[in-house]
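Quick note: the coordinates plus some simple rules give every number you see, no bench work behind them. Predicted, not measured: the structure shown is a model, and the values here were computed from it. When we count neighbours, we look across all protein chains shown, and the Cβ atoms used for this are built from the backbone with ideal geometry, even at glycine.
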Amino acid sequence: MATLDKDYYRAANKGQFKKGVWAVDGEEPAAGILHGDIERRYWTVAKRNRAGEIVKDKHGKTVRETRSRQDWSITDGQMDTGSGTSLHDYEGALGYRSWNYFQMPEGTTLPACLQVVQRGSDPHHYQIEVLTGGTVSPVTLRGALDNLARNCVVRQKQLAGTI
């Protein structure tokens, strides 16, 4: 089985993971910590003009706009390669004001359907993605990512000498 070749860190937005990266401190990762946005997620924010000022309507109410994102690409109900959950090879890549970090230690066993690949122009940016596109459903992907998160906890404990 493939293992992680170095330490990776998953940045978890404090707005989404209000209780942090752990469901049970050091024992059980937060549900979905490695999922990213498998399906498109929507949220609303205050609209801003080019100067960065919040836009108000004629009654002085803040104008809201909808934004969305999707980290994973799905075709015909199956996951595609080339998209996935972002990671970095150092903690703190996005700062700490809005982010907590889940460590994925070197030597952690990867589920057979997943791989970690360097993506983009930032040499420290990686992503978890499916090994082969068109063979993994979103349900299977969630299970594999949850297994990977549990494998990370086991590896953290091995490195700490507690198992």
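Data overview
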| quantity | calculated |
| --- | --- |
| Top-ranked residue of region 1-48 - restricted to ones that are in a strand (DSSP E or B), of a type in the set (A, V, I, L, M, F, W, C) and out of contact with any Leu (no Cβ under 6 Å at 6 or more places or on another chain), ranked as nearest to residue 63 (Cα to Cα) | 46 |
| Residue satisfying condition, being touching a strand residue (DSSP E or B) at 6+ places or on another chain (Cβ under 6 Å) and farther than 30 Å from residue 159 by Cα, within set 85, 81, 135, 75 | 81 |
| Flag if residue 106 is out of contact with any Phe, Trp or Tyr (no Cβ under 7 Å at 6 or more places or on another chain) and of a type in the set (Asp, Glu) | yes |
| Extreme residue, nearest to residue 36 (Cα to Cα), among residues of region 86-124 that are in contact with a Cys (Cβ under 8 Å, 6 or more places away or on another chain) and either of a type in the set (S, T, N, Q) or surrounded by fewer than 16 Cβ atoms within 10 Å (Cβ to Cβ) (or both) | 103 |
| Qualifying residues in region 125-160 (those that are in a strand (DSSP E or B) and free of Cβ contacts under 8 Å to residues at least 60 places away in the same chain) - the one surrounded by the fewest Cβ atoms within 10 Å (Cβ to Cβ) | 125 |
| Any chance residue 96 is out of contact with any strand residue (DSSP E or B) (no Cβ under 9 Å at 6 or more places or on another chain) and either of a type in the set (Phe, Trp, Tyr) or in a strand (DSSP E or B) (or both) | yes |
| Any hit, region 41-52, residues being under 19 Å from the mean Cα position of the chain (by Cα) and either surrounded by 14 or more Cβ atoms within 10 Å (Cβ to Cβ) or within 16 Å of residue 151 (Cα to Cα) (or both) | no |
